[in-house]
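Values in this text are rule-based calculations from the coordinates and carry no lab data. Fair warning: this is a prediction, and the values are worked out from it, not measured in the lab. When we count neighbours, we look across all protein chains shown, and the Cβ atoms used for this are built from the backbone with ideal geometry, even at glycine.
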Amino acid sequence: MPTDAQGNALTIASEEAARAFDHVIEGFLKYRFDTGVRLKSLLTLDPSAPLAQAMAGLFAMLAYDSRLLPRAEAAAAKAEALGPNPREAAHIAALRAWAGGAPERALGIWEGILAEHPRDILAFRLHHFTAFWMGASGRMLGQAEQAMRHWSGDLPGFGSVLACHCFASEECGFYGIAEQSGRAAVAMDPGDLWATHGVAHVLEMQGRRGEGIAFLSAGEPHWEGGNNLMHHLWWHQAMFHIERAEFGQVLALYDRRFRNPDSPVTQAQPDLYIDTQNAASMLWRLERQGVPVGDRWTELADKAEARIGDTLSAFTLPHWMMALAATGRESAAARLLQSVEDAARGNTMHAAILRDAALPACRAALAHRRGRFAEAVAALRPALGVMYRLGGSHAQQDVLEQLFLDSAMKAGLEADARLLLERVAGRHPVPPERRIGYAEAARALVY
Ligand SMILES: [Fe+2]
């Protein structure tokens with residue numbers, strides 16, 4: 001029976017198809033732009049492989065786009081009918097759970113697969129991704145630690161295990177070990193975008209800004225053929241520059257690298273969740289520093305408006321609200337709020353995240369833009385302790401912390417501003433005085 005490159009049994013027609021399967025997995029692990037094309041070739045070669053069919057659905061789910069849910073459901077149905085082995089059937093069950101609105105159940109299924117098949121890189125990588133977007137960094141790290149025990153350098157995919165170990169460690173605050181794993185993966189493959197991303201996070205969290213700029217600039221020649229993650233890497237580059245008050249550089253990166261409509265490589269103004277987050281959070285940070293951003297909010301607001309009602313990506317929702325509020329689209333903002341309120345009424349874990357974290361963040365983003373600062377503080381204060389559940393890294397969640405701090409300062413609510421400063425001082429290795437979004441408040445207040 002054919003196996004994948006990591007030795008897991010595959011229900012697949014031929015050795016040739018099994019190698020095509022590995023090629024798809026490699027594209028997925030390395031954030032290659034052509035991963036979808038690779039999958040199409042595999043499905044043409046062998047339409048009867050259950051896991052290949054399931055992958056079409058799993059990859060659709062990666063976009064956090066409710067318009068793709070029917071495609072994911074159809075892929076699961078097709079895969080189920082093809083006689084999967086038990087491991088493949090578990091993947092299909094995870095797809096069903098995820099597409100059915102229960103990503104936490106999918107996480108449990110992938111953990112079950114990994115307990116039995118610790119070198120199932122597809123389960124490992126999907127778990128890493130989904131746990132991250134549920135704010136479950138401890139579970140990310142747990143699986144990464146387990147994978148490290150079961151992998152060796154000669155197994156294909158080891159670089160990706162190291163890359164995930166890097167990012168999970170970084171999000172859990174273990175910066176030394178994170179950097180070690182990330183740099184080892186970059187040494188194995190300088191084009192490993194996820195490993196590069198993990199190292200960039202370490203440098204961001206440790207305030208090593210010049211080093212971060214040099215690291216990403218040196219990596220760029222190896223990124224050709226990457227997907228949208230490249231935009232996010234350029235966003236990280238802009239994060240280093242904004243900390244150094246190099247706003248011209250930030251805008252240049254925005255226009256030419258991560259929000260560039262003429263990008264020859266990837267469509268760079270899509271409404272993919274990560275692209276929206278990159279763009280909205282950077283415009284918001286720039287405006288807070290007094291930098292005029294022109295009409296850049298408009299295309300973002302158009303995309304946000306078109307997606308009202310889609311609440312799959314909880315962390316994207318406040319970013320959409322930032323764009324709608326910045327462009328004065330009152331009725332669209334009201335409709336977005338209403339759609340989140342409606343979705344938050346369910347009794348799923350996702351509904352609870354929408355209710356406890358996404359809704360307060362959306363309300364705060366709108367109130368802040370309208371100058372109703374005390375209202376923004378009141379909305380976001382109860383969510384401060386749970387907003388990590390929206391998903392997103394510490395570097396990304398920072399924009400919500402800044403939103404709270406700015407609102408508190410402008411409303412004259414000093415106790416709330418102090419509370420926020422105390423929070424970031426306790427959780428971030430760089431003191432607020434050395435961070436551009438916090439320094440002014442930190443100098444003004446004793447916290
Ligand atoms: Fe990041």
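Would you compute, from DSSP H runs of 4+ residues alone, the mean residue ellipticity of the chain at 222 nm, taking -39500 (n - 2.57) per run and dividing by the full residue count, rounded to the nearest 500? The helix-only estimate for the chain comes to -20500 deg cm²/dmol at 222 nm. The convex hull of the Cα atoms of the stretch 27-68, projected and averaged over all directions, covers 3.1 nm². Between residue 74 and residue 425, the C-beta separation translates, for a Förster distance of 41 Å, into a calculated FRET efficiency of about 0.25. Excluding same-chain neighbours fewer than eight residues apart, the lysines reachable from residue 40 by a Cα-Cα span under 17 Å are 78. Apply the a/c threshold of 1.5 to the C-alpha gyration tensor of the chain and tell me whether it is rounded, prolate or oblate. Prolate is the answer for the chain, as a/c is 1.5 or above and a/b outweighs b/c. What the phi angles of the stretch 392-399 give under the Karplus curve with 6.51, -1.76 and 1.60, with θ = phi - 60°, is a coupling list of x, 7, 4, 5, 7, 5, 3, 5 Hz, glycine and proline written as x.
Convex hull volume of the Cα atoms of the stretch 252-341, normalised per residue: 90 Å³. Amide H contacts of residue 3: 10, each under 5 Å away and 5 or more positions distant or on a separate chain (H built 1.01 Å from N in the peptide plane; Pro and chain starts excluded). The distance separating the Cα centre of the stretch 149-184 from that of the stretch 90-129 comes to 20 Å. Peptides 98-111, 71-84 ranked from most to least packed, by the mean per-residue count of other Cβ atoms within 10 Å: 98-111, 71-84. The alpha carbons of the stretch 301-434 stretch over 40, 31, 22 Å along the principal axes, in descending order. In this rough spin-label picture, where each label sits 7 Å from Cα along the Cβ direction, the residue 306-residue 187 distance is 4.5 nm. Ranked by the mean number of other Cβ atoms within 10 Å of their residues, highest first, the peptides 164-176, 148-160 fall in the order 164-176, 148-160. Sorting the segments 233-241, 284-292 by their residues' average number of neighbouring beta-carbon atoms within 10 angstrom, most packed first, yields 233-241, 284-292.
Pairs of Cα atoms in the stretch 1-134 fall into 10 Å distance bins, from 0 up to the last occupied one, in shares of 14, 49, 35, 3 percent. Across the stretch 344-358, coupling constants 3J(HN,Hα) worked out from phi with the 6.51/-1.76/1.60 Karplus curve, θ = phi - 60°, read 6, 7, x, 10, 8, 5, 5, 4, 5, 5, 4, 5, 7, 10, 5 Hz, and Gly and Pro carry x. Projected over every direction and averaged, the convex hull enclosing the alpha-carbon atoms of the stretch 220-299 yields 5.0 nm². Mean separation of Cα pairs under 8 Å and 6 or more residues apart, divided by the residue count, gives the chain a relative contact order of 11 percent. Here the dipole of the stretch 318-408 is about 180 debye; that uses its Cα centre as origin and unit charges on the Cβ of Lys and Arg (positive) and Asp and Glu (negative).
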